[in-house]
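As structure tokens, the structure follows; a few thoughts come after it.
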Amino acid sequence: MKKVFIRTMGCQMNVYDSLRILDILNNLGYEETEAYEDSDLILVNTCHIREKASEKVFSELGRYSKLKEDKPDLIIVVTGCVVQAEGEDFLERAPFVDIALGPQNYHHLPEKLELIGRKLKKQVIEADFPVQTKFDFLPSPGSRTYSSYLAIQEGCDRFCSYCVVPYTRGAEYSRPAKDIIKEAEIMTTSGVKEITLLGQNVNAWHGIGTNGEPWRLEDLINRLADIPNLLRIRFITSYPSDMTSELLNCFTSQKKLMPYLHLPVQSGSDKILRAMNRRYTSSEYLDIIFKLRDLCPEIAISSDFIVGFPGEEDKDFEQTLDLVNKVDFASSFSFKYSPRPGTPGAAMKGQIPEEIKSSRLDVLQSLLQRQQERFNYNCIGKVLPVLLEHEGKKTGQLCGRSPYLQNVNLEADKKLLGEIIPVKITGANLNSLRGEQAI
Ligand code: SF4
């Protein structure tokens with residue numbers, strides 16, 4: 001078999017896309033290798049969410065171009081949001097790349113490989129938003145590990161003023177329920193026990209259900225929960241205004257839905273939320289959290305924060321700290337604002353100096369880390385059901401996930417991989433728990 005090396009940058013959606021691209025390549029006779037030097041095809045799946053993303057991609061590609069000097073038949077493919085953002089300029093900047101495909105075009109990889117393989121073209125690029133969705137052309141998913149992503153929604157119509165997603169992934173699109181159910185069923189036959197439903201705005205998913213009625217995300221979750229071997233369901237990433245009461249209720253009524261919600265707030269200041277074009281206020285966000293805590297007291301809440309958005313004053317930042325203190329997050333992701341070319345935020349007045357952004361981020365992260373540590377320490381002594389996903393670095397160690405998405409390490413027989421077992425938590429730190437198998 002020919003060998004493919006895949007390098008994935010960025011978010012869970014890119015991880016999912018890379019797996020789907022591997023499904024395509026498996027059908028063309030490629031197997032994955034972890035050593036790029038041994039490969040016949042190198043695929044770099046790129047992300048444009050961070051500052052200087054393109055520069056990082058071009059510098060990484062430089063490494064692979066050197067290999068191509070020694071292996072002229074090596075095919076280099078680049079996919080993802082950097083291709084979309086750079087457009088036609090991409091191949092001019094990377095003349096050694098054979099194929100460049102935007103996030104909505106990777107299903108065309110087989111025909112592009114044929115063009116390159118038969119030397120009918122020297123380079124090809126495709127970075128548009130086709131009328132027909134790529135999902136209609138992808139092969140059945142190949143084998144997966146015990147926990148897997150499943151994209152149900154893609155793109156976004158919300159246009160937050162700092163975000164490139166609406167420009168790189170296109171308009172919001174919900175996959176049909178029947179296709180999602182079929183993909184989930186195939187995954188579970190290959191051993192998947194936990195599925196994380198993915199979307200840039202996943203809780204906006206909607207469609208016609210298998211009963212012919214309009215469905216929202218909670219209906220889809222309940223239908224997926226009927227798949228016998230599917231034991232756990234999660235969804236990410238949600239937008240606060242799309243958190244309906246029905247979806248909140250699902251956390252109590254549907255036992256297969258894990259008690260973990262990632263709900264990005266970004267800022268605790270209403271002035272900054274308006275400037276970000278986030279369409280909720282801090283008190284509306286808190287209402288959702290408190291309602292959910294009433295329904296499901298054990299829920300773990302996670303969030304994203306941006307500090308130093310243009311116009312953020314000390315009092316706005318203090319409102320963010322105030323919100324964090326009110327919620328008490330189990331985990332979080334926080335970043336300094338970095339302007340992305342082409343977004344409204346990049347052209348706003350009142351850009352914040354780097355040193356102020358850094359000092360605010362330090363303060364916020366130390367508060368969030370204290371909350372995360374406390375959440376983890378509070379698990380000591382409890383018995384949690386843990387899905388064992390893979391072997392650890394130490395001999396005899398297995399690693400899994402708690403219902404709250406914490407990493408859990410323990411010593412156990414590797415025959416238990418793929419099982420959900422009770423684990424007594426004996427230790428904790430910021431990023432993981434330790435435990436022992438409870439009988
Ligand atoms: S809702 Fe999320 S994906 Fe959509 S524009 Fe805002 S930040 Fe980007």
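The values are calculated or read from the model by the stated rules, or taken from the named source; none is laboratory data. The structure presented is a predicted model; accordingly, all values stated were derived computationally and were not measured. Cβ placement follows ideal geometry from the backbone for every residue including glycine, while neighbour counts extend to all protein chains displayed.
If residue 192 passes every condition in (1) crowded, with 17+ Cβ neighbours inside 10 Å; (2) without any contact (Cβ under 8 Å) to a residue 60 or more places away in the chain; (3) more than 16 Å from the ligand (Cβ to nearest atom); (4) not in a loop (DSSP other than H, G, I, E, B) but one, which one does it miss?
Every condition holds for residue 192 apart from (4).
Using the structure shown, decide if residue 167 is buried (at least 20 other Cβ atoms within 10 Å of the Cβ) and among the hydroxyl-bearing types (Ser, Thr, Tyr).
Details: buried (at least 20 other Cβ atoms within 10 Å of the Cβ): no; among the hydroxyl-bearing types (Ser, Thr, Tyr): yes.
Criteria not met by residue 167.
Filter the range 157-179 down to residues that are within 9 Å of the ligand (Cβ to nearest atom), in a loop (DSSP other than H, G, I, E, B) and not hydroxyl-bearing (Ser, Thr, Tyr), then give me how many there are.
Summing the residues that are within 9 Å of the ligand (Cβ to nearest atom), in a loop (DSSP other than H, G, I, E, B) and not hydroxyl-bearing (Ser, Thr, Tyr) in the range 157-179 gives 8.
Failed condition for residue 288, given (1) within 16 Å of the ligand (Cβ to nearest atom); (2) assigned to a helix (DSSP H, G or I); (3) surrounded by fewer than 17 Cβ atoms within 10 Å (Cβ to Cβ), with all others met?
For residue 288, the exception is condition (3).
Which condition breaks for residue 306 when tested against (1) modelled with pLDDT under 95; (2) not in a loop (DSSP other than H, G, I, E, B)?
The single condition residue 306 does not satisfy is (1).
Identify, by number, the condition in (1) within 10 Å of the ligand (Cβ to nearest atom); (2) touching a residue at least 40 places away in the same chain (Cβ under 8 Å) that residue 198 doesn't meet.
Among (1) within 10 Å of the ligand (Cβ to nearest atom); (2) touching a residue at least 40 places away in the same chain (Cβ under 8 Å), residue 198 violates only (1).
Being touching a Lys or Arg at 6+ places or on another chain (Cβ under 9 Å) and surrounded by fewer than 21 Cβ atoms within 10 Å (Cβ to Cβ) narrows it down to one residue among 147, 143; which is it?
Values: 143 fails: touching a Lys or Arg at 6+ places or on another chain (Cβ under 9 Å).
One residue alone meets the criteria, 147.
Residue by residue through the range 8-35, note down the ones that are outside any loop (DSSP other than H, G, I, E, B), surrounded by fewer than 19 Cβ atoms within 10 Å (Cβ to Cβ) and in contact with a helix residue (DSSP H, G or I) (Cβ under 7 Å, 6 or more places away or on another chain).
Passing the criteria: only 32.
Please go through the range 253-280 and give me each residue that is surrounded by fewer than 21 Cβ atoms within 10 Å (Cβ to Cβ) and either away from the ligand (no atom under 16 Å from the Cβ) or not assigned by TED's automatic domain parsing to the domain that holds residue 315 (or both), ordered by number.
253, 254, 255, 256, 259, 270, 271
So which residues in the range 324-338 are closer than 11 Å to residue 303 by Cβ and part of a helix (DSSP H, G or I)?
Of everything in the range 324-338, those that are closer than 11 Å to residue 303 by Cβ and part of a helix (DSSP H, G or I) turn out to be 324, 327.
Could you list, in sequence order, all residues of the range 121-140 that are touching a Lys or Arg at 6+ places or on another chain (Cβ under 6 Å) and in a strand (DSSP E or B)?
Kept after step one, since they are touching a Lys or Arg at 6+ places or on another chain (Cβ under 6 Å), are these residues of the range 121-140: 124, 135, 138.
Hit for the range 121-140 is 124, nothing else.
Rundown of residues vs (1) under 18 Å from residue 265 (Cα atoms); (2) small (Gly, Ala, Ser), yes/no style:
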| site | (1), (2) |
| --- | --- |
| 334 | yes, yes |
| 343 | no, no |
| 350 | no, yes |
| 364 | yes, no |
| 367 | yes, no |
| 371 | yes, no |
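Hey, can you tell me all the residues within the range 238-264 that are free of Cβ contacts under 8 Å to residues at least 40 places away in the same chain and within 16 Å of residue 198 (Cβ to Cβ)?
238, 257, listed by residue number.
Quickly run through the range 137-156 and pick out the residues that are within 16 Å of the ligand (Cβ to nearest atom) and touching a Phe, Trp or Tyr at 6+ places or on another chain (Cβ under 8 Å). Talk me through it step by step, then tell me what you get.
Filtering the range 137-156 down to residues within 16 Å of the ligand (Cβ to nearest atom) leaves 151-156.
Residues satisfying the conditions are 151, 152, 153, 154, 155.
With the condition kept exactly as written, say whether any residue in the range 231-251 is assigned by TED's automatic domain parsing to the domain that holds residue 144, within 24 Å of residue 135 (Cα to Cα) and of a type in the set (A, V, I, L, M).
yes
Exactly one condition in (1) within 15 Å of the ligand (Cβ to nearest atom); (2) charged (D, E, K, R); (3) touching a Leu at 6+ places or on another chain (Cβ under 7 Å) is not met by residue 183; state its number.
(1)
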